[in-house]
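Asks: Sharing a structure with you now.
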Amino acid sequence: MKAPPSASCGSLPTIIKIKSMKKLNIILIIGLLLTSCGQNKTKEIQKTSDSIQKATVVPDNLYKIISEKENVNPKFGFNKCNIEVELKEKITKEQLTIIANKIRETRKSYDNLWIFYNLPGKQAGSVAWATTHFTPNLKVEILGSTDAEDKKMDNVSVDGNIIGKWTDKQSYSEHTAIIYEKNNKIYMKSIYSDGSSGEVEYVRKKINGKVRYEPKQNKHNEYYIIEANGNLGMYDPEGKFAEAVKKN
């Protein structure tokens, strides 16, 4: 009887080697594919970000710097600058970010750069509508109501005869106020930017030739007067402290 050919035993390492190379090639191909997909996704994300940046346009006449105060004292470690900006209208967070970076570009020497944004007709004592502070990283905050929130407040209706409708632009308490009459009673409904609302009964009085609207339960002796310009003046015993703007 002849012994099996020795060549078959000798070819076993060769077969194992070929199979190992095939597995290695497969692993390399999968790795290349995954790397390629990752690079493509990164490029797509970057492309999308660039597109958003290009789509967000901020005209130069949309804002202007109205004041700039620096506080630099190396001895006590102060190196900051406060800037007030007046906006032509309410804008988005993306637009605020672009404006902030433009301002920062020429003021990189400050460790902290605080930028406050006001809307036209800002009332004395009211806080900024928005801020973009570098401390040193940028933080963007809208403190007042946005356009979307304004639309929600505007779309609220009441069941009665509307006497007037106004917007109180004081940040942190920005709201729409509606005075209306129903069943021979006077009410004021307040609608806030967060969607909440409240309603209070008022009484109408005529004092010194002017019509006042006072809360029926008037603990703080506050009252409202519709001014000659149509705005709603807010008063307390010390005098007028704010004015809400008339809405059409």
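The values are calculated or read from the model by the stated rules, or taken from the named source; none is laboratory data. Just so it is clear, the structure is predicted and the values come from calculations on it, not from any experiment. In this analysis, Cβ positions are derived from the backbone assuming ideal geometry, glycine residues included, and neighbour counts consider all displayed protein chains.
Asks: Working carefully through the options Asn61, Asn71, Asn82, find the one that is more than 19 Å from the chain's Cα centre (by Cα), of a type in the set (S, T, N, Q) and within 17 Å of Ala128 (Cα to Cα).
Replies: Just a single option satisfies the conditions, and that option is Asn82.
Asks: Specify which of the listed residues (Lys185, Lys216) is over 21 Å from Asn155 (Cβ atoms) and at pLDDT 95 or above.
Replies: Residue meeting the stated conditions: Lys185.
Asks: If Gly144 passes every condition in (1) at pLDDT 95 or above; (2) surrounded by 19 or more Cβ atoms within 10 Å (Cβ to Cβ); (3) not aromatic (Phe, Trp, Tyr) but one, which one does it miss?
Replies: Only one criterion is unmet by Gly144, namely (1).
Asks: Identify, from the list Glu141, Glu243, Glu201, the residue that is assigned to a strand (DSSP E or B), over 27 Å from the mean Cα position of the chain (by Cα) and of a type in the set (Asp, Glu).
Replies: Glu201
Asks: Do we have any residue at all in the range 220-231 that's over 25 Å from Lys122 (Cβ atoms), surrounded by 11 or more Cβ atoms within 10 Å (Cβ to Cβ) and modelled with pLDDT under 95?
Replies: So far as the range 220-231 goes, yes, one or more of its residues are over 25 Å from Lys122 (Cβ atoms), surrounded by 11 or more Cβ atoms within 10 Å (Cβ to Cβ) and modelled with pLDDT under 95.
Asks: Filter the range 72-130 for residues that are charged (D, E, K, R) and part of a loop (DSSP other than H, G, I, E, B); which is modelled with the lowest pLDDT?
Replies: Lys122
Asks: Please work out if Lys152 is assigned by TED's automatic domain parsing to the domain that holds Ser196 and touching a residue at least 40 places away in the same chain (Cβ under 8 Å). Steps first, answer last, please.
Replies: Working: assigned by TED's automatic domain parsing to the domain that holds Ser196: yes; touching a residue at least 40 places away in the same chain (Cβ under 8 Å): yes.
Against the criterion (assigned by TED's automatic domain parsing to the domain that holds Ser196 and touching a residue at least 40 places away in the same chain (Cβ under 8 Å)), Lys152 qualifies.
Asks: Might you check whether a residue that is buried (at least 18 other Cβ atoms within 10 Å of the Cβ) and under 22 Å from Lys64 (Cβ atoms) occurs anywhere in the range 158-172?
Replies: yes
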